[in-house]
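Peer 1: Take this structure, written in structure tokens, and hold onto it; I'll ask about it next.
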Amino acid sequence: MNIIGQSLGIDIAAKSFQVCLQIKQADGHCKIKGSRSFPNTAKGIVALEQWLAKRLHSELALAVVMEATGVYYETLAYSLDEAGYRVHVLLPNRIKGYLKFLNVKSKTDKIEAKALAQLGLDQQLPVWQAASPQMYSLKRLCRERNILVDEKTMISNRLHAEVSCKTPEPFTVKRLKQRLKLVDKQIQEVEGQLKQLVARDEVLSRHLENICQVKGLGFTTVISIIAETNGFALVDHKSQLVSYAGYDVVERQSGASVKGRTRISKKGNAHIRRALHFPALSVVKHHDEFKALFTRVLERTQIKMKGYVAVQRKLLVLIYTLYKKEQAYDPTYAQKQTQEQRGRQDTMPAYAG
């Protein structure tokens, strides 16, 4: 029987990854050629390549399908890409949808690896684009800054508690102030490195300049979102981006007896949601369109946070749109669109009946 395709599904965790190698025959039948678990280390990746060399059909390209799971997939994806394999890194929502389509109810590493391999045989998938060294460095620096900011908050809280007590310990206060000063210095260093990296790229600098014209969106927010999405390389449309960031709405309802509140899934990139938290508070004060959205959601739900989450979601889509279209923000865009629609309605011929 002729073999017309081969695919490797990989389910990745922090310490190990499970693989499943499948082939597709000319009659459409799929067959598993092998399944195994490897440690998620450099030695484990070498062992995987040796395992594959004994089982692959050299005349056919291999589709490698894996999920974008935090940072755990990165080393493996880069290694297989450099080895010449066709790598497909998919967002979690797409894989979840395929598992639902297959009516897969159990969830184990082996089952998911098998489903990923079958997905590689059944569908034409976008080829993963490895992040450039510059974009990868930007993402690592943005995440380091987040850690430092959290550390600064923790030290500041401890310092406040210490000086507020009945008899503050002077040496403790001194050490906390020294640590706070060091963390502040490191935050400034990271931000300086981020700006230097961006300044070397004329196109990226232009993107930042266009998007940062939104009053309330700053440099660190925008570069964090661009870096976390690899310049939106994995994103094909707005709803996919919303799901990737965890802003997709989940509703719990069953018949007439169970009807829970709608909420966002939060099953996505938490770094993006974090980056948009404070900007959402700011744009509501400075832009009428965001204030109107916040007000509508607040009046409907009576929950402020839901209003701000809706603003975060709209901000994310706006950043994506401006980036893709390479346009600067126009605060009168919504108003112009409304006027154009009204103009078209006014010029429509009346129905004679």
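The values are calculated or read from the model by the stated rules, or taken from the named source; none is laboratory data. In this text the structure is predicted, and so the values were computed from the model without any measurement. We place every Cβ from the backbone using ideal geometry, glycine too, and count neighbours over all the protein chains shown.
Peer 1: Among what's in segment 38-60 and is buried (at least 17 other Cβ atoms within 10 Å of the Cβ) and assigned to a loop (DSSP other than H, G, I, E, B), pick the residue that is nearest to the chain's Cα centre (by Cα).
Peer 2: The selected residue is Asn40.
Peer 1: What's the total number of residues in segment 13-37 that are part of a strand (DSSP E or B) and over 21 Å from Leu60 (Cα atoms)?
Peer 2: So the count comes out to 5.
Peer 1: What's the number of the condition Leu21 fails, among (1) within 19 Å of Val71 (Cα to Cα); (2) out of contact with any Cys (no Cβ under 7 Å at 6 or more places or on another chain); (3) surrounded by 21 or more Cβ atoms within 10 Å (Cβ to Cβ)?
Peer 2: Evaluating Leu21 over (1) within 19 Å of Val71 (Cα to Cα); (2) out of contact with any Cys (no Cβ under 7 Å at 6 or more places or on another chain); (3) surrounded by 21 or more Cβ atoms within 10 Å (Cβ to Cβ) leaves (1) as the failure.
Peer 1: Checking Arg206 against (1) under 24 Å from Leu281 (Cβ atoms); (2) touching a residue at least 60 places away in the same chain (Cβ under 8 Å); (3) not assigned by TED's automatic domain parsing to the domain that holds Ala310: exactly one of these is not met. Which one?
Peer 2: Condition (1) is where Arg206 drops out.
Peer 1: Consider segment 177-202. How many of its residues are more than 23 Å from Arg158 (Cβ to Cβ) and of a type outside the set (Val, Ile, Thr)? Please lay out each step first, then the result.
Peer 2: Here is the first cut: in segment 177-202, the residues more than 23 Å from Arg158 (Cβ to Cβ) are 191-202.
Still in the running and of a type outside the set (Val, Ile, Thr): 191-197, 199-202.
Summing the residues that are more than 23 Å from Arg158 (Cβ to Cβ) and of a type outside the set (Val, Ile, Thr) in segment 177-202 gives 11.
Peer 1: Pick from Ala14, Ala26, Ala47: which is of a type outside the set (Val, Ile, Thr), without any contact (Cβ under 8 Å) to a residue 24 or more places away in the chain and assigned by TED's automatic domain parsing to the domain that holds Thr75?
Peer 2: Sole residue among the options that is of a type outside the set (Val, Ile, Thr), without any contact (Cβ under 8 Å) to a residue 24 or more places away in the chain and assigned by TED's automatic domain parsing to the domain that holds Thr75: Ala47.
Peer 1: In segment 100-110, what residues are surrounded by fewer than 18 Cβ atoms within 10 Å (Cβ to Cβ) and part of a helix (DSSP H, G or I)?
Peer 2: Lys100, Phe101, Lys110
Peer 1: What residue, of Gly260, Gly246, is within 10 Å of the chain's Cα centre (by Cα), at pLDDT below 90, under 20 Å from Thr301 (Cβ atoms) and not assigned by TED's automatic domain parsing to the domain that holds Gly192?
Peer 2: It is Gly246.
Peer 1: Is at least one residue of segment 176-199 more than 24 Å from Ala77 (Cβ to Cβ) and touching a residue at least 60 places away in the same chain (Cβ under 8 Å)?
Peer 2: yes
Peer 1: Select from segment 51-71 the residues that are at pLDDT below 85 and closer than 18 Å to Asp109 by Cβ and list them in ascending order.
Peer 2: Ala68, Thr69, Gly70
Peer 1: May I pose another question? Just a yes or no: is a residue in segment 330-340 touching a strand residue (DSSP E or B) at 6+ places or on another chain (Cβ under 6 Å) and at pLDDT below 60?
Peer 2: no
Peer 1: Another question about this same structure. Output the qualifying pairs, or none if there are none: Cβ atoms under 7 angstrom, residues six or more apart or on different chains, first residue in segment 145-160 and closer than 17 Å to Thr172 by Cα, second residue charged (D, E, K, R).
Peer 2: As it stands, the answer is Lys152/Asp184; Ile155/Arg179; Leu159/Lys177, since those pairs meet every condition given.
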